[in-house]
1. Condition test on Val233, is it in the same structural domain as Ser266 (by TED's automatic domain parsing), buried (at least 16 other Cβ atoms within 10 Å of the Cβ) and assigned to a helix (DSSP H, G or I)?
2. Considering Lys72, Lys80, which residue is part of a loop (DSSP other than H, G, I, E, B) and modelled with pLDDT of 80 or more?
3. Does Lys380 satisfy the condition of being surrounded by fewer than 13 Cβ atoms within 10 Å (Cβ to Cβ), at pLDDT below 95, assigned by TED's automatic domain parsing to the domain that holds Lys263 and assigned to a helix (DSSP H, G or I)?
4. Suppose we filter Val108, Val138 for residues that are without any contact (Cβ under 8 Å) to a residue 60 or more places away in the chain, buried (at least 23 other Cβ atoms within 10 Å of the Cβ) and not in a helix (DSSP H, G or I); which single one remains?
5. Could you list, in sequence order, all residues of region 236-255 that are farther than 17 Å from Pro177 by Cα, among the β-branched types (Val, Ile, Thr) and surrounded by 16 or more Cβ atoms within 10 Å (Cβ to Cβ)?
6. Does Asp290 fit the bill of being modelled with pLDDT under 95 and surrounded by 15 or more Cβ atoms within 10 Å (Cβ to Cβ)?
7. Would you check if there is a residue in region 291-301 being basic (Lys, Arg), assigned by TED's automatic domain parsing to the domain that holds Leu236 and more than 30 Å from Trp355 (Cα to Cα)?
8. Residue by residue through region 256-272, note down the ones that are surrounded by 15 or more Cβ atoms within 10 Å (Cβ to Cβ), within 14 Å of Val364 (Cα to Cα) and in contact (Cβ under 8 Å) with a residue 60 or more places away in the chain.
Amino acid sequence: MASKRVVRKLSLCMILLLCLSGCWDSSDIEDISFAMGFGIDASDDEQEPIQLTTQVALTKKQGEQATAQQGKLFQNVTLKANSIHEMVRGLSLQLPYPILTDHLETVVINQDIVTDYDLFILLDELLRDNITRLSPSVVISAQQASDILATNIDGEITSDYISAFFTNETSTMKILPKVRVGDVTANLISGTSVILPKITKDKKTVKLDGAGIIRAKDNKLTGFLTDKEVEGVNWLTGEGAGGLLNFRDEKGNTIIYEIQHYKTKSNPHYKNGKLTFDVQITAQGWITEDWSLTSNNLSEKYVDKLERLAAEEVVKIVEGTMKKLQQDYKTDVVKFYDSFRIAYPRDYQKMQKDWDNYFADADVKYDVKIKIVNTGDLVKEGKPK
């Protein structure tokens with residue numbers, strides 16, 4: 001009996017050792033090409049009208065073999081074809097290691113390609129691929145996407161660097177929330193217009209610079225917004241994470257208000273074929289900079305004045321943004337359709353296919369209330385504590 005127990009124990013140990021032997025088909029991480037970014041441009045070849053730049057992270061081994069003399073942490077490979085998938089597979093002819101896209105961080109799309117082609121078509125391969133995630137950020141560029149991804153920033157992989165910008169959304173209202181591949185396609189499938197952050201190459205680096213608008217009518221680029229108008233979009237959607245409001249007093253002195261938190265609500269009204277939105281914006285925050293050097297910066301009267309001036313500035317910003325969206329582009333990227341869909345579901349079903357035109361003709365009224373809860377670490381006389 002004792003010998004049988006010993007045999008059983010030895011057998012169990014052998015089985016456990018086999019389980020701990022690792023994956024038989026595993027690959028060394030240095031023998032894999034990880035795609036970190038895609039750049040999609042228009043090509044000058046009619047037979048191969050699409051150009052795809054793939055940014056691959058270099059491991060130490062690959063860096064040595066790929067001659068990274070400039071200290072780059074990446075290798076870019078640019079191909080031309082008439083389909084995205086063909087170009088992805090074509091990487092096998094130029095890279096000695098299998099290409100994986102499950103670590104993709106950013107997709108940069110040039111304005112020319114998305115002016116000529118449906119954005120949904122350009123992203124179709126990413127959606128069908130069961131390896132590529134739907135989380136990569138999507139940005140648009142006026143410059144060639146290949147030039148954007150070629151930017152060599154010390155110690156950085158460009159596509160990862162771009163994706164990291166969106167962690168700064170609590171610092172400024174001029175940054176849109178990250179727009180992911182899944183977000184874009186969900187909007188396009190539902191027939192709603194899309195706003196994409198715009199990336200620009202600036203000397204030896206890249207930066208966020210406004211946004212591009214993809215209209216629902218044909219899923220193509222219709223125009224751009226400035227960073228100030230992006231600020232207006234964030235105020236109108238309530239999706240910003242915070243930031244600063246820069247306004248002036250009656251003498252032209254600069255005042256800076258830091259937004260602690262804010263809330264936006266759009267209330268739709270639809271009667272006799274006329275669409276109206278009442279937009280209510282409330283915010284709380286504090287004054288972080290005051291160039292007026294007034295000695296009464298803690299007085300109730302002075303705070304009331306700043307709250308009024310700040311509210312007037314917000315109205316000015318959102319009115320300018322809405323003018324561009326309604327008159328120039330006729331696209332609802334501030335998601336007014338959502339509140340209307342909830343309030344008037346049957347009417348929205350009838351209006352959905354032509355929603356952007358209804359949005360363009362709507363009257364919009366604003367009620368902005370700014371609350372200053374703190375004016376900084378100053379005593380009433382304006383002297384430091």
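1. In short, yes.
2. Numbers: Lys80 fails: part of a loop (DSSP other than H, G, I, E, B).
Going through Lys72, Lys80 in turn, the sole match is Lys72.
3. Answer is no for this residue.
4. On the way: Val108 fails: without any contact (Cβ under 8 Å) to a residue 60 or more places away in the chain.
Only one candidate qualifies: Val138.
5. Hit for region 236-255 is Ile255, nothing else.
6. Here the answer is yes, as Asp290 does meet what is asked.
7. Scanning region 291-301, I find at least one residue that is basic (Lys, Arg), assigned by TED's automatic domain parsing to the domain that holds Leu236 and more than 30 Å from Trp355 (Cα to Cα), so the answer is yes.
8. Residues satisfying the conditions are Ser266, Pro268, Tyr270.
The values are calculated or read from the model by the stated rules, or taken from the named source; none is laboratory data. Small disclaimer: the values here were computed from a predicted structure and weren't measured. Every residue, glycine among them, receives a Cβ derived from its backbone with ideal geometry; neighbour counts consider all protein chains shown.
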